[in-house]
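Here, each number is a calculation from the coordinates, and none is a lab measurement. Model, not experiment: these values are computed from the prediction. With ideal geometry, Cβ positions are generated from the backbone for all residues, glycine too; neighbour counts draw on all protein chains shown.
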Amino acid sequence: MTTAFLEGLADPAVLPRVDEVNRGHFEAAARGSLAVRECSGCGLLFHYPRPFCPRCHSADLAWTEVSGEATVLVAALVSRPPWNDLPRSAPYVVVVVQLAEGPQMVSTVEGCAPETVVAGMAVRAAFERIGDLGIVRFVPS
Ligand SMILES: [Zn+2]
C-alpha cells in the first residue's frame, strides 16, 4: 500500500508544539509512518504521547510504528472554520479513530465528502509534512 501524503490543511501559524515527549511521533509522521508510545513495563500502546505509561506509570517507553489502519468512532462536521483565515476550506470532518492496534486518536478524514464520514468507517493514516514534522490524518481505506 502506498503512503498517502497531503498538503495545505494545517495552519502554519498554529502547528503542534514539538518537545522531547512527542518528537518521535511527529518525526515519524514526516517520514510517512504512524508511531505511538509502547510501555516496556506492561506492553500498553498509547497515544497521545506522555512521559509515563497511563496504566502502570512506567517511564520506560519506546516508539512503535503501527499499521495506520483505523476505524472511525466519532465524526463531527465542522461547517464554519474556527478562525477566518484558516487555510483549509470548510466543511471538514474531525474524528476520533481507533487504531487497529488499540490506541485512539483525534484527527481529520480527508479525500472524501465530509458528510460521508460516519462511525464504523474504515480509514488509514495519511501524512501532511510541514518542515521537519508531520501531521497524521486519515483517508478512506
Ligand atoms: Zn505500562
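Could you work out the helix-only [θ] at 222 nm for the chain, with each DSSP H run of four or more residues adding -39,500 (n - 2.57) and the total divided by the number of residues, to the nearest 500 deg cm²/dmol?
-1500 deg cm²/dmol, from helical runs alone.
For ASP11, which sequence-distant residues (separation of 5 or more, or a different chain) have an amide H within less than 5 Å of its own amide H, given hydrogens modelled in the peptide plane?
HN-HN under 5 Å from ASP11: empty list.
Determine, for each peptide in 6-14, 108-116, the mean count of other beta carbons within 10 angstrom over its residues, then list the peptides with the highest first. Display every interim value, and only then the final one.
On the way: 6-14: 12.7, 108-116: 15.6.
Result, highest mean first: 108-116, 6-14.
Could you sort 48-59, 25-36 so that the peptide with the highest average Cβ count within 10 Å comes first and the rest follow in order? Mind dumping the intermediate values first?
Working: 48-59: 13.5, 25-36: 19.6.
Going from most to least packed, we get 25-36, 48-59.
Kindly point out, ordered by number, any Cys in the chain whose beta-carbon has no other cysteine beta-carbon under 4.7 Å away.
Unpaired cysteines in the chain: CYS112.
Please work out the ratio of the alpha-carbon Rg of the chain to 2.2 N^0.38 Å and round it to two decimals. Don't skip to the end; give the middle numbers.
On the way: Rg = 15.1 Å, N = 141, 2.2 N^0.38 = 14.4 Å.
For the chain, the normalised Cα radius of gyration comes out at 1.05.
I need the phi-derived Karplus couplings for the range 23-37: 6.51 cos²θ - 1.76 cosθ + 1.60, θ = phi - 60°, integer Hz, Gly and Pro marked x.
3, x, 5, 6, 5, 4, 4, 5, 8, x, 9, 9, 10, 10, 6
Compute a Gaussian network model of the chain, connecting alpha carbons closer than 10 Å, and tell me which residue from ARG37, ARG129, ARG88 fluctuates the most.
Looking only at ARG37, ARG129, ARG88, the largest GNM fluctuation is found for ARG88.
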